[in-house]
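These notes concern the structure reproduced below.
The values are calculated or read from the model by the stated rules, or taken from the named source; none is laboratory data. Owing to the predicted nature of the structure, the values given are computational and were not obtained by experimental measurement. Here the Cβ positions follow ideal geometry from the backbone for every residue, glycine too, while neighbour counts run over all protein chains shown. In case anyone asks, the SASA skips ligands and DNA or RNA and just uses the protein heavy atoms, side chains included. Shrake-Rupley method; radii C 1.70, N 1.55, O 1.52, S 1.80 Å.
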Amino acid sequence: MAIAFDNSYARLPAHFFAAVRPLESPAPRLIAVNDALAGELGIDADWLRGPAGLDVLSGRVIADGATPIAQAYAGHQFGNFQPQLGDGRAVLLGEVIDRQGRRRDIQLKGGGQTPFSRSGDGRAALGPVLREYLVSEFMSALGVPTTRALAAVTTGETIMRDTPLPGAIITRVAASHIRVGTFQFFAAREDTAALRLLADHVIARHYPDAAQAENPYLALLDGVIAAQARLVAQWTSVGFIHGVMNTDNVAVSGETIDYGPCAFMDDYDPATVFSSIDRAGRYAYGNQPRIAAWNLARFAETLVPLLDPEETAGVERAQTALGGFAPAFAEAYFGLFAAKIGLGGEADTRRALIEALLKAMAENQVDFTLFFRHLGAAAAADGGSADEPVRSLFVDPTAFDGWAREWRAALTAEARPGPERQAAMNRVNPAFIPRNHHVEAMIVAAVEREDFAPFHRMLAVLTRPLDDQPEAADFAMPPAPHERITATFCGT
Ligand SMILES: Nc1ncnc2c1ncn2[C@@H]1O[C@H](COP(=O)(O)OP(=O)(O)OP(=O)(O)O)[C@@H](O)[C@H]1O
């Protein structure tokens, strides 16, 4: 068997999903195979690259051992509850146990219609597939929990969106695809027996320690809250804007999922929004922690019947657990930003410094990524010309000087050799991010000219985002005014 499937969902009742078969692609072509990830999964990358692999990646052949399904889920989309969403274009081929013993899903996103497709065609367009591949692999390279990209293919079809576009499939790998929306699906149907089965399944798969707790479902809730707090703090620390934080896009495993209209901030501004479908700015950069807390409250509501036989007591337990989000987020957030400015140190000092810095950055239109990357060199020196690359990012460079006096005092108090501090900062401050204008140009090259060279070049740079790569200096630069991207489209 080329892929050693081991499908735990076979033990769940039939109303959790629908058995499907992927739609055949008429003329598939391989874009990319992720050799390292294939290796982790125990899959022979050469096989995957060859004709038999392409047949599986494009839905032409169901691999031995695969039992393809589409999963049922519901969700709040922009605050409105949809009781039935489900995988409308994603086909879960099956699960494998990776080399480290972790269970992982392998899914074809864009794999054809399912009973959950409603009016959709079950397909994905090439541009969003390339964006998801690139950004998810970038996030993984930075250590941000995320779904992964195992492969991408074009299907050989033209699909209709606002304009005709090439169809494509991304093979996505995830710790699981179980979402807050999966719990909401059964909660909306008041199916407590199904909720209990689902919760037990998630505990066994993602939070095994919770099984030993006095109240395993409360421990599950605490675990999911902690994972989301950490995840959203990590997003924030790299300028990531998810763009569509609906509850069906919150994986209970704590992985980032669904890179539809996501984007990275250039200048620091908490109000930044790119998604063209997010007109009210619900999912703006600076709103993400608040929205994560809101989404977790929806998750907690689904668990109330499991938390306590008494509803009032169940609600109380849920509320107490939700109260843990804000402190967990703050701890992760200030810890990550402290590392970005080269400090360990006392929580109160660093908090004031971080807040003052971010305020000055917002007022001075400072490029988020360049600032922190260059700050490492400034930290290793004693002011003077070493400060110039960071100072000059501020509209008013004296705003940096004022902040830097306090910062240097804090650095001195911690007494750490300059080069060691710089190296530590460079391990958390990427030199490269998927800048939106480069992502868009890469997509245009692929869609309009079938030129995948920009995709492969960007992927090579962005999977080593912490390394200085002088030959890729063009990718480090913020957009010139005429290159600025102001909206990303779901494009789907
Ligand atoms: N082209 C399509 N055909 C059928 N269903 C679709 C299509 N595009 C989106 N959907 C469905 O619409 C809902 C919301 O879509 P959304 O864009 O959030 O998810 P997605 O990107 O398809 O999937 P995921 O969340 O798994 O990454 C989901 O139920 C999804 O399956």
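Taking the Cβ of Thr146 as the center, what net charge do the other residues with Cβ under 11 Å away carry, scoring Lys and Arg +1 and Asp and Glu -1? Local net charge: -2. When you restrict to C-alpha pairs under 8 Å that are six or more residues apart and normalise by the size of region 66-173, the relative contact order lands at 22 percent. Expressed as a whole percent, the accessible surface of region 142-299 that belongs to carbon and sulfur atoms is 52, based on a 1.4 Å probe. At q = 0.09, 0.20 Å⁻¹ the log10 of I(q)/I(0) for region 319-459 amounts to -0.37, -1.14, computed by Debye summation with a single uniform scatterer per C-alpha, solvent ignored. Taking the DSSP beta bridges with both ends in the chain, the antiparallel portion is around 95 percent.
Pair-distance distribution of the chain: all C-alpha pairs, bin width 20 Å, starting at 0; shares per bin in whole percent are 23, 54, 22, 0. Under the 0.36 nm per residue contour assumption, what length would be gained going from the current alpha-carbon distance of Glu388 and Ala441 to full extension? Stretched fully, the Glu388-Ala441 segment lengthens by 16.0 nm. Only helices enter the 222 nm calculation for the chain: every DSSP H run of n ≥ 4 contributes -39,500 (n - 2.57), and dividing by all residues gives -13500 deg cm²/dmol, rounded to 500. Note that region 226-367 presents 36 Å² accessible area per residue, ligands and nucleic acids not counted, probe 1.4 Å.
What is the list of residues in region 1-27 whose amide nitrogen lies under 17 Å from a point 7 angstrom out from the Cα of Ala193, following Cα to Cβ? In region 1-27, the label zone of Ala193 (backbone N under 17 Å from the point 7 Å along Cα→Cβ) covers 11-17. Note on region 22-103: Rg/Rh from Cα positions, Kirkwood definition for Rh, rounded to two decimals, is 1.06.
Between Asp35 and Asp474, how high is the FRET efficiency from 1/(1 + (r/R0)^6) when r is the Cβ-Cβ distance and R₀ = 35 Å? Nearest 0.05.
Step by step, r from the Cβ atoms, then E = 0.85.
Note on His482 and Glu450: the model spin-label points, each 7 Å out from Cα along the C-beta direction, lie 3.1 nm apart. Heavy atoms of the protein chains alone define the surface here; on that basis region 8-177 has 36 Å² accessible area per residue at 1.4 Å probe size. Taking every full run of DSSP H in the chain, the ones that stretch at least 30 Å from end to end by Cα along their long axis and average -1.0 or higher on the Kyte-Doolittle scale are 216-237. Each Cα pair under 8 Å and six or more residues apart adds its sequence gap; the mean of these over the residue count of region 181-332 is a relative contact order of 28 percent. Both radii are taken from the alpha-carbon atoms of region 8-177; with Rh as the Kirkwood radius, Rg/Rh is 0.95.
So, R0 is 56 Å and r is the distance between the beta-carbons of Glu311 and Asp6; what FRET efficiency does that work out to, to 0.05? Working from the Cβ atoms, E equals 0.90.
The relative contact order of the chain comes to 14 percent, based on Cα pairs under 8 Å that sit 6 or more residues apart. Extending 7 Å from the Cα toward the beta-carbon at both Ala381 and Asp46 defines two label points whose distance is 5.0 nm. Peptide packing for 10-21, 297-308 was compared via the average number of neighbouring C-beta atoms within 10 Å per residue; ordered from the highest value, the list is 297-308, 10-21. Counting Lys and Arg as +1 and Asp and Glu as -1 over every other residue whose Cβ lies under 12 Å from the Cβ of Ala360, the net charge comes to -3. Each Lys or Arg adds one and each Asp or Glu takes one away; over the other residues whose Cβ falls under 13 Å from the Cβ of Val444, this sums to -3.
Over region 181-332, the pair-distance histogram of Cα-Cα distances with 10 Å bins from zero comes to 11, 40, 32, 15, 2, 0 percent, rounded to whole numbers.
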